[in-house]
Amino acid sequence: MIKKLLLPILLALLVSKKINAQQDRAQLGIKVGYNLSYIAGEEIDDFIPRNTIHLGLVGEIPITRYFAIQPELLYSFQGSYVQPGFADSSDLRFTEWLLKLDYVTLPIMAKYYLTPGFSAEIGPQIGVLTSSRLLKKSSVNGVSETTEDDLKDLIAPVSYGVNIGLGYQFEDGLFFQSRFNIGISDIFDFEDALSQRNHVFQVSAGYKF
């Protein structure tokens, strides 16, 4: 009789151990999402948000039952539209200016699980600039023209920020996240430059294996 009782108990313990091991293992996945990026800072309010995307790799390293570290490696398209006259008020033919700043970003998120699957997240981020261009679209006498200026000598090569956000992950590995990246370093890198910083609101979806 005792042996008959012990067998289902042992099986239950083995199954429970296997499930816990799966939950506690490190995971690697992919993510893609929407960026609402803009630039903000002192004196100038002529920046208009740019709608773009981000995509890349994401991992999760469990520390305890409720706490985990989530490193990511993303390519993020950022920047802002700029009101004509910001850089050269004497040239009024330009009708649309776009400051395109693209980064490879490395967020390191600390995750605290408030309930199974639902987490609050916070962590630092470093971004390495890969492209910085000012796109100018103009229309003169009905003729449209598009030109681009390379701004690599005017933009800081590295950007720093802090992320705060929320996430939810299903048992099958599908997850959703929303976060706000607050820039803490100036993006312009030249003498007498005003203090302007990147800010990005992100909504993401992904899958961890």
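The values are calculated or read from the model by the stated rules, or taken from the named source; none is laboratory data. Being a predicted model, the structure only gives us computed values, none of them experimental. Cβ: placed from backbone, ideal geometry, glycine included. Neighbour counts: every protein chain shown. Just so you know, the surface numbers come from the protein's heavy atoms only, side chains and all, with ligands and any DNA or RNA stripped out. Shrake-Rupley method; radii C 1.70, N 1.55, O 1.52, S 1.80 Å.
Remarks
- Per residue accessible area of region 135-209, 1.4 Å probe, in Å²: 56
- Long-range amide H partners of GLU96 with built H, under 5 Å: LYS137
- Residue ranges 172-182, 67-77 sort as 67-77, 172-182 when ordered by packing (mean number of other C-beta atoms within 10 Å per residue, highest first).
- Nonlocal amide H pairs with GLN78, under 5 Å, H built at 1.01 Å: LEU101, ASP102, TYR103
- Neighbour cut-off at most 12 other Cβ (10 Å), DSSP loop, GluC sites (Glu not before Pro), region 119-209: GLU171, GLU191
- Counted residue by residue at 0.36 nm each, then reduced by the alpha carbon distance between them, the extension gain from SER195 to ILE182 reaches 3.3 nm.
- Residue by residue, region 157-173 carries 3J(HN,Hα) couplings of x, 10, 10, 10, x, 10, 9, 10, x, 9, x, 9, 10, 7, 5, 7, x Hz when phi is fed to the Karplus relation 6.51 cos²θ - 1.76 cosθ + 1.60 (θ = phi - 60°); x denotes Gly or Pro.
- Rounded accessible area of ASP24 (nearest 10 Å², 1.4 Å probe): 90
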